[in-house]
């Protein structure tokens, strides 16, 4: 070696086992023998001043040795002083076109040699990324962990003396002896991890195909690559170990890890962040307020039979009154009419299905139990809706719940549901509508003949407008829901989201229903109560679930409910 150089050192060493399990074999970088590559600082290629000089590579028995010369730039002179002073004492290489067999690196091309901080690389390792370039299958930044050697004159020995070589070889030998074997590492895996390794090896053998086996048999040059490598991925952002250390150090100065990384020219910082975690394994339902459903379902009267017959004798007419007798006149018989109504059951159901593969694959929670809870919840809501206001579907719909089987309180016959009107003008304010609503509800109570104290079922908008009413001094009239309920002469006020925008029997907006639901009977025969059925479709690998009930529902007491709806008046609302 006649060329003058400033320092030298091992660019890479043979049989060097890296932290990712790979080992660089002899002559892996033989193609670089005699080549000159750039000498740069910390693998930074984005600015010209990071180029410090060049390195002449020499392939040896123990690896690749580098003879490095600084240029006359300010950065080159500065780096030379750092090396001479001992502040920087380690080399690193950047290589691509890596070919490997299993964990053994067989071939590669060194593209540059870098000066790196010794403290940033206490051990030797390969920090690899995948590239999809046409010429490179893999690329890596390789740290040798060996110190560099200064050259003070052309006469000086340009390489470490024999003693230093022997010492380094002995050190490497001791490291290798202490290193665990592949079998040792494999025995530390759990049974699940071993199963994964078996599967990956099997996949690699399968992907290699008969063609590769044939070539290997003939002594061809093709080799099997690491099964984790993917030629169609690109190593756009490569972080060396020394760069990562610098980033973490600068994070304090920038005040943000993201800003520090961006300052070093690395994008996709989000790749370094941990994966997002769900707060709950079971997905939460986005649903309407369901509090009213249980109040309705628990409030109605239940019977163990579904065919309900109601018979009444109307004695409110004058003909049914007792009469006075005048001597000599004929006594007249009392006349009154009998009223009868029969309600029969109908079937209400909800059906779902899941692919059995999905049922097996979802292990974070019991997806079947979760699905069944949704089905029961929605079935109860549909029944509660049907008995208050009907299901809202068109009469021509195949899915409509027949209103002769589940009779909606809001639209029931006048004998059972009193129709009260809230007179408002088309230009009435919310306050005027609220006042008119309260007035109409109180006045309609005189005709109510239901059991005990009823409840008011209304919308959140109506309740809010009533609670915002003010007197002439601007003071809130009803500062609590209970005070408003007392004024309306009801036990409680229940808001029902599904009543929003619903029309009354005569076309006005339905504002509220006053009823004691104990006067509403829901009947189901034995076997007609709520039942859940499971079935498996072999042809389509589908697990099917059905929840259904067969029941009837109707008011059983005359004048036991009040339906309040708007009626447009010509004057101003009050």
- Taking 0.36 nm per residue of separation between residue 191 and residue 312 and subtracting their Cα-Cα distance, the length gained on full extension comes to 35.9 nm
- Message: Give me the one-decimal nm value for the distance between modelled label points at residue 541 and residue 414, 7 Å along each residue's Cα-to-Cβ direction.
- Response: 6.3 nm
- Item | Calculated FRET value between residue 294 and residue 326, using beta carbons and R₀ = 51 Å, to 0.05 | 0.25
- Nearest-0.05 FRET efficiency for residue 492 and residue 468, computed from C-beta distance (R0 22 Å): 0.65
- Write down the percent of antiparallel bridges among all DSSP beta bridges whose residues are both part of the range 346-568, to the nearest 5. 75 percent
- Query: Beyond 22 Å, what percent of the Cα pairs of the range 351-452 remain?
  - Reply: 60 percent
- Message: Run the numbers for residue 430 and residue 352: contour at 0.36 nm per residue of separation, minus the present Cα-Cα distance, in nm.
- Response: 23.8 nm
- When every alpha-carbon pair in the range 346-568 is counted, what percent end up more than 23 Å apart? 56 percent
- Listed with the fewest Cβ neighbours within 10 Å leading, 505, 4 appear as 4, 505
- Message: Applying a 10 Å radius around every beta-carbon, put 298-309, 357-368 in order of their mean neighbour count, most first.
- Response: 298-309, 357-368
- Query: For labels at residue 360 and residue 106 in the simple 7 Å Cα→Cβ model, what's the distance in nm?
  - Reply: 3.8 nm
- Normalised by the residues of the range 346-568, what does the relative contact order come to in percent, with Cα pairs under 8 Å and at least six apart? 33 percent
- Query: Taking the Cα-to-Cβ direction at residue 445 and at residue 285 and moving 7 Å from each Cα, how far apart do the two end points lie in nm?
  - Reply: 3.5 nm
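Tell me, in nm to one decimal, what length is gained between residue 31 and residue 461 on full extension, where the rule is 0.36 nm per residue of separation less the Cα-Cα distance?
Computed gain between residue 31 and residue 461 is 146.7 nm.
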- Message: Calculate the FRET efficiency for residue 399 and residue 477 from the Cβ-Cβ distance with a Förster distance of 41 Å, rounded to the nearest 0.05.
- Response: 0.40
- Message: At 10 °C and a viscosity of 1.306 mPa s, what translational diffusion coefficient does Stokes-Einstein give for the range 1-95, taking Rh as the Kirkwood radius over Cα pairs? Give it in µm²/s as a whole number.
- Response: 112 µm²/s
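All of the numbers you see were taken from the coordinates with simple rules; none came from a lab. All values derive from a computational prediction rather than experimental measurement. No Cβ is skipped: glycine too gets one built from the backbone with ideal geometry, and neighbour counts run over all protein chains shown.
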